[in-house]
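Coordinate-derived values only; no laboratory data. Bear in mind that the values here come from a model prediction, so they are computed numbers and not experimental data. In this analysis, Cβ positions are derived from the backbone assuming ideal geometry, glycine residues included, and neighbour counts consider all displayed protein chains.
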Amino acid sequence: MQAVGELAGGVAHDFNNLLMVVKGHAEMLLDRLPETSSMRHGIEQMQSASERAAGLTRQLLAFSRRQVLQPRVLDLNEVVSGMIQMVSRLIGANIELAFLPALDLGRVKADPSQMEQVVLNLVVNARDAMPDGGQLTIENF
C-alpha cells in the first residue's frame, strides 16, 4: 500500500505541474479576450476543469500523505450547485438530473475536494445503476 501511495504521489505531483501550465494559459487567454468573445465560454470551461483536476490532484497527494487535507466550513448547496454542469455531462442525455437544495441546510467542516469526490462517486454509481436511463435527484436535507 505504501508503494501505491508513493506512486500516486509522484504521478499527482507531475500531473499538477502540467496542470498549472494549462490553468495559467487559460487565465492569460481570459485576460486578453474581450468580454464579448465567443471563445470565452470554452476557455472558462477549460479553467473550471483545470480547477477540478487540481482538486483531484490534491486528493491523490492526500492519499499518498504528501499533502494535508484542507477542511473548511462549507455550504453543501454551493458545493453541489457548482458541480451540476459537470455532473450533467457525466450522466449523459438519457438520465434526467434534478437538484433540490435545502433552504435551511447547515454548514459542514470538510475538505472541498473530498466532498466533490463523494458527490461524483454517488453520481457515477447512480448512473451505472440506470443503464436504460431514468431520473437522478440530488437533494440536500
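Numerical summary
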read-out: Simple spin-label estimate for Val124 and Leu7 in nanometres, 7 Å along Cα-Cβ; value: 1.7 nm
read-out: Listed residue (Gly133, Leu103, Ser113) projecting farthest to the positive dipole end of the chain, Cβ model; value: Ser113
read-out: Computed FRET value (nearest 0.05) for Asp132 with Leu90, which takes r as the C-beta separation and R₀ as 22 Å; value: 0.80
read-out: Cα centre as origin, Lys/Arg/Asp/Glu Cβ charges: the stretch 31-141 dipole, Debye; value: 540 debye
read-out: Estimated inter-spin distance, Glu78 and Arg52, nm [label 7 Å along Cα→Cβ]; value: 1.9 nm
read-out: The chain - percent relative contact order, Cα under 8 Å, separation 6 or more; value: 26 percent
read-out: Built amide H within the under 5 Å cut-off of Leu97, gap 5+; value: Leu136
